[in-house]
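Here's the structure we're looking at; comments come further down.
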Amino acid sequence: MHASEVGTPALIVDLSALDRNLSLMADAASRLGVDLRPHAKTHKCVEIAHLQLNLGAAGIACQKASEAEVFVDGGVGDVLISNEIVGRDKLARVAELAQRATIAVCVDTVSNVADLQAAAEEAGSSIGVLVELNTADYRAGVATGEPVVRLAAEVVKADSLRFAGLQAYNGPAQHMRSYQDRQSSVAEVGRAVERSLSLLGREGIRCDTVTGAGTGTYDLDPIGGLFTEVQPGTYVFMDADYAENRNASDEPFRNFEQSLHVSATVMSRRPGVAVLDAGSKAIAMGNGLPVLAAETDGVFERFGDEHGTLRVPDDHAVRLGDQVRLIPYNCDPTVNLHDWLVGIRGEVVECVWPVAARGAIL
């Protein structure tokens, strides 16, 4: 069918742009000499994960035990849960997953290490464990230095755990608009990583993996040779937030293309105003409002649960029943609102992929 026949609101993926984004990141990781472990919390889609693996990704990252279950059930054999897992039920589920796939998680407390050991021992499995470094006051992670060594030593002593390295994801840097600010923040985290590696080495604790980096810093974190792996997620789709970042020449960040749009229909029209059938139940708006794709002139101005209001010129060509495409400000939570990704090539629907990990928040 033609893209205009798809019922709205709908998530539309430009497959050609998606393919180019996937290839560009895979090539960049190879050029930078690091493994690529894409973060699947962005797309939550098993089919896209396999596209990434087919291009050489070492595995995927996700944030929740329930997300990991979806991807392992979908045939992904190597999953890093780049988060702490707490609670008997969740730990048991992760330990069970580790019977079927290579699974790793993050820790920042000794008690969590003990709980992971107990769960893995009961399940008869082995879980990889990364010590997470704290990169911001509002994020999880342990302070740099001796606390890292103490935690790593606890993991090494645990029979059913494997010390898998350090997690050093610099969340704040991803959305620093200035390239120089991102560069400075990355350098600061790099110093913390370097100190931690030095201390681990003194204690004879081998650290094979340093993982982190996102779409905003994938090309900065590997500089210096400390990071062995990057975890970008948004690059597959992009969004209006990342479009506000600047590159080294202080030009808009255009390393990757906008491949994801929310398609919406004009359901009411009056001079200067077009009301769409897409509101907060179709587009995540907690961090900012969506923007219209280039082919439509106007501004997304207000929203309700089921409606979005555009301010458009009185003589604008948008008519009742027309479809417009919106760029979400934040693609990750927007994807989580939908059951399906509609893949188009040109304007022809080529595939419909389930958002299999939608709602996987446990």
*Tell me the Kirkwood hydrodynamic radius of segment 104-148 in angstroms, computed as one over the mean inverse distance between distinct C-alpha pairs.*
11.3
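Just to verify a number: FRET efficiency for V352 and D27, C-beta to C-beta distance, R0 = 30 Å, to 0.05? Each step should come with its number before you reach the end.
Values: r = 28 Å, r/R0 = 0.94.
About 0.60, to the nearest 0.05.
Could you check how many percent of all C-alpha pairs in segment 110-211 are farther apart than 23 Å? Please report the intermediate quantities before stating the final value.
On the way: 1609 of 5151 pairs.
When every Cα pair of segment 110-211 is considered, 31 percent fall beyond 23 Å.
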*Return the whole-Å distance between the Cα centroid of segment 150-219 and the Cα centroid of segment 1-31.*
31
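Trypsin sites (Lys or Arg not before Pro), restricted to segment 281-321: which are DSSP loop and have at most 11 other Cβ atoms within 10 Å? The partial results should precede the final answer.
Details: sites: K281, R302, R311, R319; in loops: K281, R319.
Loop-located and lightly packed - R319.
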_As I understand it, the value is the acute angle between the Cα axis of helix 110-123 and the longest principal axis of the Cα atoms of the chain; what does it come to in degrees, rounded to 10?_
90
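Arranged by the count of other C-beta atoms within 10 angstrom, fewest first, what order do S4, S178, S160 take? If you can, show how the numbers build up before the last one.
On the way: S4 11, S178 14, S160 18.
Going from sparsest to densest Cβ surroundings: S4, S178, S160.
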*So for the chain, taking the charge dipole from beta-carbon charges (+1 Lys/Arg, -1 Asp/Glu), which of L276, M176, G304 sits furthest toward the positive end?*
M176
*the chain - Debye-derived log10 I(q)/I(0), Cα point model, q = 0.06, 0.09, 0.12 Å⁻¹*: -0.24, -0.53, -0.89
*Please work out how many pairs of lysine residues in the chain are eight or more positions apart (or on different chains) and have Cα atoms closer than 23 angstrom.*
9
*With labels modelled as points extended 7 Å from the Cα through the Cβ direction, what inter-label distance (nm, one decimal) is found for K281 paired with S178?*
4.4
*asked:* Suppose each label sits 7 Å from its Cα in the direction of the beta carbon; what would the D137-S111 distance come out to in nanometres?
replied: 2.4
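Using Stokes-Einstein with the Kirkwood hydrodynamic radius over Cα pairs, what translational diffusion coefficient do you get for segment 266-362 at 20 °C and a viscosity of 1.002 mPa s, in µm²/s rounded to a whole number?
Details: Rh = 14.5 Å.
It comes out at roughly 148 µm²/s.
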*Principal-axis tilt of helix 146-157 within the chain, Cα atoms, nearest 10 degrees*: 70
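If you place +1 on the Cβ of every Lys and Arg and -1 on the Cβ of every Asp and Glu, how big does the dipole about the Cα centre of segment 116-170 come out, in debye to the nearest 20? Provide the component values of the computation, followed by the final result.
Values: 4 positive and 7 negative charges, 28 e Å.
For this selection, approximately 140 debye.
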*asked:* Over the Cα atoms, compute the radius of gyration (one decimal) and Dmax (the largest Cα-Cα distance, rounded to a whole number) for segment 58-99, in Å.
replied: 9.5, 29
*Taking only Cα atoms, what is the 0 to 90° angle, nearest 10, from helix 179-202's long axis to the longest principal axis of the chain?*
20
*If Lys and Arg each add +1 and Asp and Glu each add -1, what is the summed charge of the other residues whose beta carbon sits under 12 Å from the beta carbon of R100?*
-3
*asked:* Just to compare against my own numbers: the Cα pair-distance distribution for segment 206-345, 10 Å bins, whole % per bin, please.
replied: 11, 35, 29, 16, 7, 2, 0
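Which loop chymotrypsin sites (Phe, Trp or Tyr not before Pro) in segment 132-170, with loop taken from DSSP, have no more than 11 other Cβ atoms within 10 angstrom of their Cβ? Before the final figure, lay out the partial values.
On the way: sites: Y138, F163, Y169; in loops: Y138, Y169.
Sites meeting the loop and neighbour criteria: Y138.
Among M238, M176, M1, which comes first, second and so on when ranked by fewest other beta-carbon atoms within 10 Å?
Working: M238 24, M176 19, M1 10.
The order, fewest Cβ neighbours first, is M1, M176, M238.
What does the helix-only formula give at 222 nm for the chain: each DSSP H stretch with n ≥ 4 adding -39500 (n - 2.57), the total divided by the residues, and the result rounded to the nearest 500 deg cm²/dmol? Please report the intermediate quantities before stating the final value.
Numbers: 8 runs with 101 residues, N = 362.
The per-residue figure over the chain is -9000 deg cm²/dmol.
Values quoted throughout were computed directly from the atomic coordinates according to the rules given, and no laboratory measurement underlies them. Note that the coordinates shown come from a computational prediction; the quantities given were computed from them, not determined experimentally. Glycine gets a Cβ as well: all are built from the backbone with ideal geometry, and neighbour counts include every protein chain shown.
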